[in-house]
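Report on one structure; see the data block that follows.
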Amino acid sequence: MVAPGTSAESCFCRACEISHTLIMKLITSKILEFFLILAHLADIFAALNNLNQKIQGGGFNIIEAEENTKAFQKKLMLWKRRTENNNFANIPLLDDCVRSKMYLESETFLYPRN
């Protein structure tokens, strides 16, 4: 049922505008989520690469390699607890992306406020 004084065409156009806005929000949200995951993985793999270079760099015996590996495992558990509390201080790329995401979400061009 079309309201008095409005055409079916204008109602359709408005519905298209609303659906376009919703679709853009969904796409933007998914893209931002993807970059957060990618940043988190990049930070973890950078830490793993650093550990690998330490162990394979020479001058290490098996005991030191094991100590470094156990220390890294403890760091992972610490980082997990911190990320569960939204503390990303030890995960720099993720921290930057989260800050950028919070900034982008506050921008009206990305998420128009009604």
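Working only within segment 22-44, note down all residues that are surrounded by fewer than 11 Cβ atoms within 10 Å (Cβ to Cβ) and under 26 Å from Asp95 (Cβ atoms). Within segment 22-44, Leu26, Ile27, Lys30, Ile31, Phe34 meet the criteria. Any chance segment 56-65 includes a residue that's under 19 Å from Pro92 (Cα atoms) and surrounded by 10 or more Cβ atoms within 10 Å (Cβ to Cβ)? Within segment 56-65, none of the residues are under 19 Å from Pro92 (Cα atoms) and surrounded by 10 or more Cβ atoms within 10 Å (Cβ to Cβ). Considered as a group, the residues in segment 74-86 that are of a type in the set (Lys, Arg) and surrounded by 11 or more Cβ atoms within 10 Å (Cβ to Cβ) include one that is nearest to Cys97 (Cα to Cα), and that residue is Arg82. Name the one entry in Ala39, Ala46 that is among the aliphatic types (A, V, I, L, M) and in contact with a Cys (Cβ under 8 Å, 6 or more places away or on another chain). Being among the aliphatic types (A, V, I, L, M) and in contact with a Cys (Cβ under 8 Å, 6 or more places away or on another chain) holds for just one of Ala39, Ala46, which is Ala39.
A quick yes/no check of all residues on (1) touching a strand residue (DSSP E or B) at 6+ places or on another chain (Cβ under 7 Å); (2) at pLDDT below 85; (3) under 30 Å from Asp96 (Cβ atoms); (4) assigned to a helix (DSSP H, G or I):
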{"site": "Pro4", "(1), (2), (3), (4)": "no, yes, no, no"}
{"site": "Glu9", "(1), (2), (3), (4)": "no, yes, no, yes"}
{"site": "Ala15", "(1), (2), (3), (4)": "no, yes, no, yes"}
{"site": "Ile23", "(1), (2), (3), (4)": "no, yes, yes, yes"}
{"site": "Ile27", "(1), (2), (3), (4)": "no, yes, yes, yes"}
{"site": "Glu33", "(1), (2), (3), (4)": "no, yes, yes, yes"}
{"site": "Ile37", "(1), (2), (3), (4)": "no, no, yes, yes"}
{"site": "Leu41", "(1), (2), (3), (4)": "no, no, yes, yes"}
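Close contacts from segment 68-92, counting a first residue that is more than 18 Å from Gln53 (Cα to Cα) and a second that is among the hydrophobic types (A, V, I, L, M, F, W, C), with Cβ to Cβ under 6 Å and a gap of 6+ residues or different chains, come to Phe88/Leu94; Phe88/Val98; Asn90/Trp79. Quick check on Glu64: is it touching a helix residue (DSSP H, G or I) at 6+ places or on another chain (Cβ under 9 Å) and among the acidic types (Asp, Glu)? Yes; evaluated as a whole, the condition is true for this residue. Against the definition (surrounded by 13 or more Cβ atoms within 10 Å (Cβ to Cβ), of a type in the set (Gly, Ala, Ser) and in a helix (DSSP H, G or I)), how does Ala71 come out, yes or no? Here the answer is no, as Ala71 does not meet what is asked.
Scanning segment 55-105 for residues that are hydroxyl-bearing (Ser, Thr, Tyr) and closer than 17 Å to Leu38 by Cβ yields Thr83, Ser100.
Inside segment 22-45, residues that are among the small types (Gly, Ala, Ser) and closer than 25 Å to Leu76 by Cβ make up a count of 2.
The values are calculated or read from the model by the stated rules, or taken from the named source; none is laboratory data. As the structure is a computational prediction, the values presented were derived from the model and not from experiment. Counting neighbours? That spans all protein chains shown, and the Cβs are built from the backbone with ideal geometry, glycine included.
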